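The values are calculated or read from the model by the stated rules, or taken from the named source; none is laboratory data. Model, not experiment: these values are computed from the prediction. We place every Cβ from the backbone using ideal geometry, glycine too, and count neighbours over all the protein chains shown.
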Amino acid sequence: MNTKSIIQKLTSRKFFAGVIAVIIPIFTLLNISEPTTQQVTLIVTAVGGLAAYIFGEAWVDSSSNKGDAIVDYDFNMEFDESK
């Protein structure tokens, strides 16, 4: 497994959903209060979204610096002026 695939797995929403799916039953088993469980779930979700954004932007930036960016923005719009 290379670094790129590890980063993709760690920044996926499925991974963080899996982390939350493990944390909630453990908290329930340990009789941790529901507000605390909700707070931890919120933090894990927020950190996951932020990590995915940061790694995604870094990946796009590194690709564009190498000249092989996979993101292509096409701003050429065609309009039908016959209407």
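A few points about this structure:
- In the stretch 3-15, the condition of being at pLDDT below 70 and part of a loop (DSSP other than H, G, I, E, B) is met by no residue.
- Of all residue pairs spaced 6 or more apart or on separate chains, those with beta-carbon atoms under 8 Å, a first member in the stretch 36-48 that is without any contact (Cβ under 8 Å) to a residue 40 or more places away in the chain and a second member that is in a helix (DSSP H, G or I) and of a type outside the set (A, V, I, L, M, F, W, C) are 37/28; 48/13.
- Count of residues meeting criterion [out of contact with any Ser or Thr (no Cβ under 8 Å at 6 or more places or on another chain), of a type outside the set (A, V, I, L, M, F, W, C), surrounded by 12 or more Cβ atoms within 10 Å (Cβ to Cβ) and within 15 Å of residue 10 (Cα to Cα)] in the stretch 21-61: 2
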